[in-house]
Amino acid sequence: MTDQRSPAIEHVQWGLIRVEKLGDKSDVKLWPGGGRRWDWTETNTHHVPGIQVADVAELLEHGSEIVILSRGMHLVLQTSPETLAHLKAENVTVHVLETREAAKTYNELAVKGLPVGGLFHSTC
């Protein structure tokens, strides 16, 4: 049986997010049971209009019922209104927060064993 607990974020600093079992990444996607580097070029994501439906699709595919979207360290990264509408339509609880606060909230939910996923941006 695989571990379906969302991996813990161990450390956050400018340009680096350290995740349990995944190591150091600059941006990361996390979900129950795993995660990977978040490569913005896969979905042509930019700071504005920001996080797209395609960016969160993988989180939902892996069973995330709570989604944490980080805005970056200086709150530059936006989230498109379509993404928020999509998550609402899917009955997903969403938190849009500064990266350090996003990591803290994510870890608090993950340690409780809740099905939390997130997108974490380590700069801007």
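Computed from the coordinates by the stated procedures, all read-outs in this text should not be read as laboratory data. Computed from a prediction, not measured in an experiment: that's the story for all the values here. Don't worry about glycine lacking a Cβ; one is built from the backbone with ideal geometry, like all the others, and counts go over all protein chains shown.
Residue count for the stretch 8-55 under the criterion of being β-branched (Val, Ile, Thr), part of a loop (DSSP other than H, G, I, E, B) and in contact (Cβ under 8 Å) with a residue 24 or more places away in the chain: the result is 1. Tell me yes or no: at least one residue of the stretch 51-63 is closer than 14 Å to PHE120 by Cβ, touching a Ser or Thr at 6+ places or on another chain (Cβ under 8 Å) and not charged (D, E, K, R). Within the stretch 51-63 (the criterion being closer than 14 Å to PHE120 by Cβ, touching a Ser or Thr at 6+ places or on another chain (Cβ under 8 Å) and not charged (D, E, K, R)), the answer is yes, since at least one residue qualifies.
Of all residues in the stretch 3-46, those being small (Gly, Ala, Ser) and closer than 12 Å to SER122 by Cα number 2. What are the residues in the stretch 6-39 that are in contact with a helix residue (DSSP H, G or I) (Cβ under 8 Å, 6 or more places away or on another chain) and aromatic (Phe, Trp, Tyr), if any? Once the filter is applied, which keeps residues that are in contact with a helix residue (DSSP H, G or I) (Cβ under 8 Å, 6 or more places away or on another chain) and aromatic (Phe, Trp, Tyr), the stretch 6-39 yields TRP31, TRP38. Of the listed requirements (1) in contact with a Gly (Cβ under 8 Å, 6 or more places away or on another chain); (2) closer than 15 Å to ILE51 by Cβ; (3) not aliphatic (A, V, I, L, M), HIS86 misses just one: (1). Checked against the criterion of being closer than 21 Å to GLY15 by Cβ and surrounded by fewer than 17 Cβ atoms within 10 Å (Cβ to Cβ), the stretch 83-94 contains not a single residue that satisfies it.
Kindly provide the set of residues from the stretch 40-51 that are in contact with a helix residue (DSSP H, G or I) (Cβ under 9 Å, 6 or more places away or on another chain) and either of a type in the set (Ser, Thr, Tyr) or loosely packed, with under 14 Cβ neighbours inside 10 Å (or both), ordered by number. If the condition is that a residue be in contact with a helix residue (DSSP H, G or I) (Cβ under 9 Å, 6 or more places away or on another chain) and either of a type in the set (Ser, Thr, Tyr) or loosely packed, with under 14 Cβ neighbours inside 10 Å (or both), then GLU42, THR43, ASN44, THR45, HIS46, PRO49 are the ones that fit. Within the stretch 16-39, take every residue that is small (Gly, Ala, Ser) and within 19 Å of ARG71 (Cβ to Cβ) and give me the one that is surrounded by the fewest Cβ atoms within 10 Å (Cβ to Cβ). The extreme case among them is SER26. For the stretch 68-124, a residue qualifies if it is among the aliphatic types (A, V, I, L, M), under 17 Å from GLY35 (Cβ atoms) and part of a strand (DSSP E or B), and the qualifying residues are ILE68, LEU69, VAL116, LEU119.
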